[in-house]
Amino acid sequence: MPSVPRHVAIIMDGNGRWAARRKLPRIKGHEHGADSVRAVVRACRDAGVRYLTLYAFSVENWVRPPAEIRALMGLLEQFLKEREDELHKHRVRLRVMGRIEDLPRAVQRELRRVMSATASYGEGQLIMALSYGGRTEIAAAARAIAHKAQAGAIRPEDVDEATVAAHLYLPDVPDPDLLIRTSGELRLSNFMLWQLSYTELYVTDVLWPDFREAEFRQALEAYGRRERRFGDIKPC
Ligand code: FPP
């Protein structure tokens, strides 16, 4: 088992608390969080991590105040505009995991444009989980399989784990090897419920806006010390 994870997924938590501690508006926390995104994308490239999935906006986040949602969408658009050159330079493919159709039109347009411009790249993949929910994803897969069964394209007795996995949002992406959650909360928050079955978990008290290259390297070092057994008695 290589000691560098092929796929790292991150629950970027604690932007609001970072801002509250400084008596700043929440959006300032998100702005600094966007700088951490830039730092971690770079750190993944340096370390040789091939897939990076970021939980940027959940299906549950739509209940937040409209001004905060607008600000988050604005930061996302800004990130795409500023970072597109870097994606091309390093041949990184941008992908979205989630209900892209829920996002504001302008953000969808920008995402689709950058996704199609980078679609042929294979050096690495930057996956943004947007309007994403693990249960929503699994329910969508179940619905698609049910439609196929109804049309006679698949037999119900043939539906197995591989069938479900093949109907998730990004079926070709390997399961995450490492999940990082910042700000100390010990929960999955509806993130990649199917794919995280055997993922190594790393939780740090550091708030996302303070999570930069050094913190990322620490997480990779902790991963390197783990023994992954996948249900076996010896490391795989
Ligand atoms: C959680 O912090 C973070 C989010 C809901 C959004 C993540 C967004 C960014 C890192 C900024 C922009 C993203 C990109 C891709 C450029 P929280 O608000 O739940 O923090 P709290 O739990 O302390 O309130």
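The values are calculated or read from the model by the stated rules, or taken from the named source; none is laboratory data. All values derive from a computational prediction rather than experimental measurement. Ideal geometry is used to build each Cβ from the backbone, glycine not excepted, and the neighbour counts take in all protein chains shown. Ligands, DNA and RNA are excluded from the accessible area calculation, which covers all protein heavy atoms including side chains. Shrake-Rupley method; radii C 1.70, N 1.55, O 1.52, S 1.80 Å.
Residue-wise test of (1) open to solvent by 30 Å² or more (accessible area, probe 1.4 Å); (2) assigned to a strand (DSSP E or B).
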position: Glu31; (1), (2): yes, no
position: Leu54; (1), (2): no, yes
position: Ala67; (1), (2): yes, no
position: Met73; (1), (2): no, no
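Given the criterion of a type in the set (Lys, Arg), surrounded by fewer than 22 Cβ atoms within 10 Å (Cβ to Cβ) and within 11 Å of the ligand (Cβ to nearest atom), identify the matching residue among Arg42, Arg26, Arg22, Arg6.
Arg26
With the requirement that a residue be surrounded by 15 or more Cβ atoms within 10 Å (Cβ to Cβ) and of a type in the set (Ser, Thr, Tyr), what does the range 191-201 give you?
Thr199
Looking at (1) over 16 Å from the mean Cα position of the chain (by Cα); (2) within 20 Å of Thr182 (Cα to Cα), find the lone condition where Val37 falls short.
Val37 satisfies all of (1) over 16 Å from the mean Cα position of the chain (by Cα); (2) within 20 Å of Thr182 (Cα to Cα) except (1).
Which count do you get for residues in the range 86-122 that are β-branched (Val, Ile, Thr) and touching a His at 6+ places or on another chain (Cβ under 8 Å)?
1
Name the residues in the range 122-144 that are polar (S, T, N, Q) and touching an Asp or Glu at 6+ places or on another chain (Cβ under 9 Å), would you?
Within the range 122-144, Ser131 is the sole residue that qualifies.
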